[in-house]
There are 2 protein chains.
Amino acid sequence: MAASVVSADNMRPEGSVEYRQSAFRLMEFQLNFLNPMHRSQAYSEEAFAYRADMLSRLGALAHEGFTDESRSADSRASSRIWDNREDFDQRMLDFIEITANMAEASKAGDNRQTRDLFRQTLQSCRSCHDQYRLD
Amino acid sequence: MAASVVSADNMRPEGSVEYRQSAFRLMEFQLNFLNPMHRSQAYSEEAFAYRADMLSRLGALAHEGFTDESRSADSRASSRIWDNREDFDQRMLDFIEITANMAEASKAGDNRQTRDLFRQTLQSCRSCHDQYRLD
C-alpha cells in the first residue's frame, strides 16, 4: 500500500505534515520499547516482534505523509526530499522492509539476524535523517 | 499486546498523552480514508481492509497511552477513564476487535458484514468519546 493511496481530498498539506509527524512520533516510541530489549538481547520476545512490526507499519504511514503538495508546508522535512524523490522513496521502502524482516526474524527466534536488522534499522533512520531532515 | 507492555521507563505522563494523541490523530485519518469508500460501498477494496486493519492496530497503541501515571496530565481525557477503568478498557478492546473483524470481513468480500462493522466502528468511537472525552 504505497503513497498513491492518499487522495488530495483527505490530505491537505498541513494534514500531511501532521500525519507523518504523528507516525514518526509513534515510531520513536516503538524504538524506545525496542532499545532496552536490544540491550538485554531479548530478540525473541513477543514484544520485540510486535514493536518491529509496528515500526514497519508506521513507516508506511509516515511515508504516505510526504505528499507533493506538502513540499512547502512548514516542517523539518528538507526540500531535498522532493528534489530526490526516488532516493527518498527507496530509503523509506528500505526502512519498511528492514523492520518487517526484523519482525520476521524475531518471530523465527533468529537472534543474530534480528540484532543485525536492528542495527540496520538504526542506520536507516540516521542516514535518512542526515540527508533529509533539517536540524 | 495490552497496555501492560508499556513500562514507566519509556512512558512519562506527558509522553503517554503525546503517544495516544498521535495514535488518535492517525486513526482519524484512517477514518477519513474509509469514509468515502463507505459512501461508494467499496468495502471489498484492498485499501478498505488495509485502513480497517491500521485502525485496529492504532487503537491498540492509543489504548497503551492511557497509563495510570497520565491521569492528571493535561489532555481531553476525562478522569472518569481512571474511575471506570474496566469499562474504558473494555470499550477500547471492543473497538480493536470490531475494526479487526471489519478488516477480515473486507478481505473476505463480505460487503454487508463490512458495512455493519463500519457502523459499529463509528458508534464505538462516538459512545466512548461521549463518556470519556472532554469537550
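The values are calculated or read from the model by the stated rules, or taken from the named source; none is laboratory data. What you see is a predicted model; the values in this text were computed from it and never measured. Every residue, glycine as well, gets a Cβ built from its backbone with ideal geometry; the counts of neighbours run over all protein chains shown. The area values use the complete protein model at the heavy-atom level, side chains included, leaving out ligands, DNA and RNA. Shrake-Rupley method; radii C 1.70, N 1.55, O 1.52, S 1.80 Å.
So, with a 1.4 angstrom probe, what is the percent of accessible area on chain B that is carbon and sulfur?
42
Let me see the P(r) profile for the stretch B:80-130: every Cα-Cα distance counted, bins of 10 Å, each bin given as a percent of all pairs.
27, 45, 21, 7, 0
In peptide B:53-61, what is the residue-averaged number of other protein chain Cβ atoms found within 10 Å of each Cβ? Provide the component values of the computation, followed by the final result.
Numbers: counts 2, 5, 0, 0, 5, 7, 0, 2, 5.
Taking all residues of B:53-61 together, the mean is 3.
Would you mind putting B:97-110, A:76-89 in packing order, based on average other-beta-carbon counts within 10 Å, highest first?
B:97-110, A:76-89
How long are the three semi-axes of the equivalent ellipsoid of the stretch A:63-102, in whole Å, if each is the root of 5 times an eigenvalue of the C-alpha gyration tensor, listed from largest down?
22, 10, 8
Taking a ≥ b ≥ c as the square roots of the eigenvalues of the Cα gyration tensor of the protein assembly as shown, is the shape rounded (a/c under 1.5), prolate (a/b larger than b/c) or oblate? Present the calculation step by step, with values, prior to reporting the outcome.
Values: a/c = 1.40, a/b = 1.14, b/c = 1.22.
Rounded is the answer for the protein assembly as shown, as its axis ratio a/c remains below 1.5.
Sort all Cα-Cα distances of the stretch A:6-133 into consecutive 10 angstrom bins from zero, then give the percent of pairs in each bin up to the one containing the longest distance.
Histogram of Cα-Cα distances, whole percents per bin: 14, 43, 28, 13, 2.
Take the rotation relating chain B to chain A, measure from its axis to every Cβ in chain B, and name the nearest residue with the distance in whole Å.
Axis relating chain B to chain A; nearest Cβ residue and distance: B:SER22, 2.
State, to one decimal in nm², a quarter of the convex hull surface area for the C-alpha atoms of the stretch B:42-112, i.e. the direction-averaged projected area.
In nm², the orientation-averaged hull projection of the stretch B:42-112 is 5.4.
Taking beta carbons within 10 Å but only from partner chains, what does the mean come to for residues B:42-51?
Shielding by partners across B:42-51 averages 1.
On a 0 to 90° scale, report how tilted helix B:85-107 is relative to the longest principal axis of chain B, with both axes built from alpha carbons and the result rounded to the nearest 10.
Result, in degrees: 20.
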